[in-house]
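Taking it in order: structure first as structure tokens, then the write-up.
The values are calculated or read from the model by the stated rules, or taken from the named source; none is laboratory data. The model shown is predicted, which means the values in this text are computed figures rather than measured ones. Don't worry about glycine lacking a Cβ; one is built from the backbone with ideal geometry, like all the others, and counts go over all protein chains shown. Side chains are part of the model used for accessible areas, which takes the heavy atoms of the whole protein and leaves out ligands, DNA and RNA. Shrake-Rupley method; radii C 1.70, N 1.55, O 1.52, S 1.80 Å.
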Amino acid sequence: MDVSENQDDDRGESRNQKLDRNWMELLQELRVLQTGVQILAGFLLTLPFQAKFDSLDSFQVGLYLFNVMAAALTTAVILLPVSVHRRLFRKRLKSVLVSSADNMAKTALCGVAVLIVGTAVLVYDVVAGRDAALIAGISIVVVLLFLLLAIPLWLSYRSRRPPGHGQ
């Protein structure tokens, strides 16, 4: 159970005001994600027009196509809350919208992580070889797991401890 959801936050917000604020915060987070995905997707879309692209082996071409698909699907997931909002607009379902958009944002984060790893592995494979690509990919996965999972879980755990405990 998340303590922050059950405590008064001294904002004096109604339930609807809180849902509106949460919705706006989710949209801002999705804007940040969308920018990152657009940059990676733009990079990927330029690769076939480079001279060295013709020398890629089948693994590299497959990884490239996987990354393009990951970028496209992640972009779709980032856009999904807008589509859901349009369908639920004025139906008094803001809590459903915010809750589902939260899950969509988490899914988009996973998509971005996959895209980051896939793109880095492709670049390392082309530039430094398959062994370097494998090491880079594993290293990035470990770092992303730490940043995207371990730190939020630790912060959530820490926020549940009584004040002054362990400090």
Of the conditions (1) open to solvent by 100 Å² or more (accessible area, probe 1.4 Å); (2) of a type in the set (D, E, K, R); (3) over 28 Å from residue 120 (Cβ atoms), the single one that residue 25 does not satisfy is (1)
Within segment 30-55, residues touching a Leu at 6+ places or on another chain (Cβ under 6 Å) and either open to solvent by 60 Å² or more (accessible area, probe 1.4 Å) or in contact (Cβ under 8 Å) with a residue 60 or more places away in the chain (or both) come out as 40
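When you look at residue 58, is it open to solvent by 40 Å² or more (accessible area, probe 1.4 Å) and under 15 Å from residue 103 (Cα atoms), yes or no?
Considered against the rule, which asks whether it is open to solvent by 40 Å² or more (accessible area, probe 1.4 Å) and under 15 Å from residue 103 (Cα atoms), residue 58 comes out as no.
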task: Inspect all residues belonging to segment 144-162 and state whether any of them is out of contact with any Cys (no Cβ under 6 Å at 6 or more places or on another chain), within 20 Å of residue 64 (Cα to Cα) and assigned to a helix (DSSP H, G or I).
output: no
Quick count over segment 67-97, residues being surrounded by fewer than 17 Cβ atoms within 10 Å (Cβ to Cβ), over 20 Å from the mean Cα position of the chain (by Cα) and touching a residue at least 24 places away in the same chain (Cβ under 8 Å), is 1
Going through (1) in contact (Cβ under 8 Å) with a residue 60 or more places away in the chain; (2) closer than 25 Å to residue 152 by Cα; (3) surrounded by 16 or more Cβ atoms within 10 Å (Cβ to Cβ) one by one, residue 20 fails only at (3)
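Here's the yes/no breakdown for (1) over 23 Å from residue 59 (Cβ atoms); (2) surrounded by 14 or more Cβ atoms within 10 Å (Cβ to Cβ); (3) free of Cβ contacts under 8 Å to residues at least 24 places away in the same chain:
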{"site": "101", "(1), (2), (3)": "yes, yes, no"}
{"site": "113", "(1), (2), (3)": "no, yes, no"}
{"site": "128", "(1), (2), (3)": "no, no, yes"}
{"site": "131", "(1), (2), (3)": "no, no, yes"}
{"site": "136", "(1), (2), (3)": "no, yes, yes"}
{"site": "139", "(1), (2), (3)": "no, no, yes"}
{"site": "151", "(1), (2), (3)": "yes, no, yes"}
{"site": "154", "(1), (2), (3)": "yes, no, yes"}
{"site": "159", "(1), (2), (3)": "yes, no, no"}
